[in-house]
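These notes are about the structure you will find just below.
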Amino acid sequence: MERNTQQDLIFATNNENKVKEIKKLLPENINLLSLKDVGIVEDIPETGETLRENALQKASYVYEKTGKNCFADDTGLQVDALNGAPGVYSARYAGEEKNAGKNMDKLLLELQNVKNRKANFTTVIALILNGKEYLFEGKVNGAIALAKSGKEGFGYDPVFIPDEFAPKTFADIPLEEKNKISHRARAVGKLVAFLSKK
């Protein structure tokens, strides 16, 4: 990316919080746009079997529609005792309505009486820059709690205990603290470092 000229970069999301969070981290010459900003209102297909496939599918969809540089992310919770599930199906684990409470209840039920509670959160970012594809991955290791705890965060945060903050869950710690070590923060850090060199 040219350092001195303003460059548009589309983030394949309509989540304003995600856009704000990442905008703060990007070099000043990058103008971050959401899907809404470029008039994409339809649901983008996510039919991949891995986080990488889904992230690339979303980024490719946006690039084909707009011809502009863009990136997309996909995140999954992977639990050792469940052979990596819910993984790519994390958001829809308990059904298509993507209900975080039901997802957590299902997970805790499946791990009842299970000793090995090791898990990790992984985010994959797919960037399409001038027609070339690049992938960045961020991961945080931890374990699944015995019960929900905390009021912060979203998704599986009340049941995920990151190694760095054990025995607290992601939902027990302030967002600023979570953002320093989270899977998304780590993937975004790699993306930002890459874009800063371009």
When you scan the stretch 8-45, how many residues do you find that are more than 26 Å from Leu77 (Cβ to Cβ), touching a Lys or Arg at 6+ places or on another chain (Cβ under 9 Å) and in contact (Cβ under 8 Å) with a residue 60 or more places away in the chain?
-> 5
Residues being crowded, with 16+ Cβ neighbours inside 10 Å, of a type in the set (D, E, K, R), within 23 Å of Asp8 (Cβ to Cβ) and free of Cβ contacts under 8 Å to residues at least 40 places away in the same chain: count how many of those fall in the stretch 46-80.
-> 1
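In this structure, is Gly155 outside any loop (DSSP other than H, G, I, E, B) and either of a type outside the set (S, T, N, Q) or surrounded by fewer than 21 Cβ atoms within 10 Å (Cβ to Cβ) (or both)? Even if it seems obvious, please write down each step before you answer.
Details: outside any loop (DSSP other than H, G, I, E, B): no; either of a type outside the set (S, T, N, Q) or surrounded by fewer than 21 Cβ atoms within 10 Å (Cβ to Cβ) (or both): yes.
Here the answer is no, as Gly155 does not meet what is asked.
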Determine whether Ala145 is surrounded by 16 or more Cβ atoms within 10 Å (Cβ to Cβ), more than 18 Å from Ile22 (Cα to Cα), within 21 Å of the chain's Cα centre (by Cα) and hydrophobic (A, V, I, L, M, F, W, C).
-> yes
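Kindly evaluate Asp43 against the criterion of being out of contact with any Gly (no Cβ under 6 Å at 6 or more places or on another chain), surrounded by fewer than 20 Cβ atoms within 10 Å (Cβ to Cβ), farther than 24 Å from Gln7 by Cβ and not hydroxyl-bearing (Ser, Thr, Tyr).
Values: out of contact with any Gly (no Cβ under 6 Å at 6 or more places or on another chain): yes; surrounded by fewer than 20 Cβ atoms within 10 Å (Cβ to Cβ): yes; farther than 24 Å from Gln7 by Cβ: yes; not hydroxyl-bearing (Ser, Thr, Tyr): yes.
So Asp43 fits the description; yes.
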Given (1) surrounded by fewer than 21 Cβ atoms within 10 Å (Cβ to Cβ); (2) outside any helix (DSSP H, G or I); (3) of a type outside the set (Lys, Arg); (4) touching a Pro at 6+ places or on another chain (Cβ under 8 Å), where does Val140 come up short, assuming only one miss?
-> (1)
Of Gly131, Gly76, which residue is under 17 Å from the mean Cα position of the chain (by Cα), under 30 Å from Val192 (Cβ atoms) and among the small types (Gly, Ala, Ser)?
-> Gly76
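So which residues in the stretch 156-198 are of a type in the set (Gly, Ala, Ser) and in contact with an Asp or Glu (Cβ under 8 Å, 6 or more places away or on another chain), if there are any at all? Can you show your working first?
First pass over the stretch 156-198, keeping only residues of a type in the set (Gly, Ala, Ser): 166, 171, 182, 185, 187, 189, 193, 196.
Across the stretch 156-198, the qualifying residues are Ala171, Ala187.
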Can you pull out the residues in the stretch 81-99 that are in contact with a Lys or Arg (Cβ under 8 Å, 6 or more places away or on another chain) and loosely packed, with under 14 Cβ neighbours inside 10 Å?
-> Gly95, Lys98
In the stretch 115-145, what residues are under 24 Å from Leu33 (Cα atoms) and touching a Ser or Thr at 6+ places or on another chain (Cβ under 6 Å)?
-> Thr123, Gly138
Extreme residue, surrounded by the fewest Cβ atoms within 10 Å (Cβ to Cβ), among residues of the stretch 170-197 that are β-branched (Val, Ile, Thr) and within 16 Å of Leu135 (Cβ to Cβ) | Val192
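Answer yes or no: is there a residue in the stretch 108-123 that is over 17 Å from the mean Cα position of the chain (by Cα) and modelled with pLDDT under 95. Full working, then the answer.
Initially, the stretch 108-123 is screened for residues over 17 Å from the mean Cα position of the chain (by Cα), giving 108-118.
Cutting the leftovers down to modelled with pLDDT under 95 gives us 113.
Yes; the residues of the stretch 108-123 include at least one that is over 17 Å from the mean Cα position of the chain (by Cα) and modelled with pLDDT under 95.
The values are calculated or read from the model by the stated rules, or taken from the named source; none is laboratory data. Keep in mind that this is a model prediction, so the values were computed, not measured. Neighbour counts are summed over all protein chains in view; Cβ atoms, including those assigned to glycine, are modelled from backbone coordinates with ideal geometry.
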